[in-house]
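Below: one structure, written as structure tokens.
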Amino acid sequence: MYMANTENREQSNLSADLRAILRCTACRSRVEEGAQGYACVSCGKKFPLVRGVYRFVDGQEYAASFGWQWHRYSKTQLDTGGTISDEAFRKRTGIRPQELGGKLILDVGCGMGRFAEVATRWGARVVGIDLSAACEVAARNLGDRPFVALQADVLNLPFAPESFDCIYSIGVLHHTPNCEQAFKSLPQYLKPGGTIAIWLYSGYNKWYRFSDIYRKVTRRTSPRVLNAFFSVAVPVLYRLDRGLRVVPGVGKPIAGVVHHVFPVNLRPEPELRLLDTLDWYAPEYQSKHTYEEVFRWFEACGLDSLTVGELTLGMRGRKPLRTGQRLEEDRQLQAVAAGDARNP
């Protein structure tokens, strides 16, 4: 009973937070909640509630493949109570559990809710946005958590400025038409002193050159057809790779060449192997980046305290405090230091 009451209270608090920060995507005025969704108090634009998700866009646009993908593999990556997704979250963002407790978080590109599951388990209240219909899956997967999913466009998010304590986006922004523009649209929604962390595909490793050639065709192919093709091709290539690697001498080099020419995921779990391969070849957009360019993005947005994640290419930064806030933070640090000096 206590747990149920706690969850209900957290959901209620998140709903109140959401109502306070939501804005019309057309005129940026407040919106009011009704039986069928939200409506702007100024221009009257409506944002309907459809299949449990508030819609702030009219369609999936370039992200439709992800909608199909996450409906098909709705729980494959959901690591509830486990450690795989926790480790992936930490290594890609540098964020630790103690940083999220009680915070209001924006998950940009929440997909089926993999990392929102981690963040809510670490004590955060999470608003997840996704351009695709994957947000419906996230809403179902995390219906008992302090989590709400919205279908929205990263370039025109329905939030007031400085609404969130932390924003993260893991493996998503490189699937937008312009990754830099997508990133630079986010810090405005971050509170002063808040953290933003992203993880992108790396531009340092050139192993993907052949896959870029294949993607000229695959990104124009329906994900259903691709999934059927990869359900045959990926197991064959995996068994070929395993077989070649046990051949003395030339086996491993030949296996490397085959993987270079026909890049598919080779992890041991069959469904994850298929999902990750589909995830690579199906999206319409896929860009790769370097630390040098991403550092410039962070600096251009005025972010400081820049650090890199354990996995390339992850980076995080902080939105600077205002002058008054900095003075108060300095005062608190001085008080702590003085207390430590009196009590060595």
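Things worth noting here:
- Among the residues making up region 264-274, a single one is closer than 15 Å to THR218 by Cβ and touching a residue at least 40 places away in the same chain (Cβ under 8 Å): LEU274.
- Criterion violated by ASP279 - all others in (1) in contact with a helix residue (DSSP H, G or I) (Cβ under 8 Å, 6 or more places away or on another chain); (2) on the phi > 0 side of the Ramachandran plot satisfied: (2)
- Residues within region 179-222 that are part of a helix (DSSP H, G or I) and not assigned by TED's automatic domain parsing to the domain that holds GLU293, tallied: 10
- Test: residue in region 238-246 that is farther than 30 Å from PRO97 by Cβ, in a loop (DSSP other than H, G, I, E, B) and touching a strand residue (DSSP E or B) at 6+ places or on another chain (Cβ under 9 Å): no
- Residue that is surrounded by the fewest Cβ atoms within 10 Å (Cβ to Cβ), among those in region 35-68 that are under 22 Å from ILE170 (Cα atoms) and touching a helix residue (DSSP H, G or I) at 6+ places or on another chain (Cβ under 6 Å): GLN60
Quick grid of which residues meet (1) touching a Gly at 6+ places or on another chain (Cβ under 9 Å); (2) at pLDDT 95 or above:
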residue	(1), (2)
GLY67	no, yes
ILE84	no, no
PHE89	no, yes
GLU99	no, yes
LEU106	yes, yes
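- All positions within region 140-165 that are assigned to a helix (DSSP H, G or I) and crowded, with 22+ Cβ neighbours inside 10 Å: ASN141
- Residues within region 1-32 that are within 21 Å of GLY128 (Cβ to Cβ), modelled with pLDDT of 90 or more and of a type in the set (S, T, N, Q), tallied: 1
- Selection count, region 37-65, where residues are out of contact with any strand residue (DSSP E or B) (no Cβ under 6 Å at 6 or more places or on another chain) and not small (Gly, Ala, Ser): 8
- Extreme residue, surrounded by the fewest Cβ atoms within 10 Å (Cβ to Cβ), among residues of region 295-326 that are within 17 Å of TRP199 (Cα to Cα) and among the basic types (Lys, Arg): ARG296
- Region 88-126: number of residues that are under 19 Å from ASP279 (Cβ atoms) and surrounded by fewer than 17 Cβ atoms within 10 Å (Cβ to Cβ): 1
- Residues that are among the β-branched types (Val, Ile, Thr) and surrounded by 18 or more Cβ atoms within 10 Å (Cβ to Cβ) were ranked within region 186-238; the one that is farthest from the chain's Cα centre (by Cα) is VAL234.
- Check on TYR208, farther than 25 Å from ILE105 by Cβ and in contact with a Pro (Cβ under 9 Å, 6 or more places away or on another chain): yes
- The residues on offer are ARG96, ARG121, ARG92, and the sole one that is among the basic types (Lys, Arg) and free of Cβ contacts under 8 Å to residues at least 24 places away in the same chain is ARG96.
The values are calculated or read from the model by the stated rules, or taken from the named source; none is laboratory data. Not measured: the values here are computed from a predicted model. Every residue, glycine among them, receives a Cβ derived from its backbone with ideal geometry; neighbour counts consider all protein chains shown.
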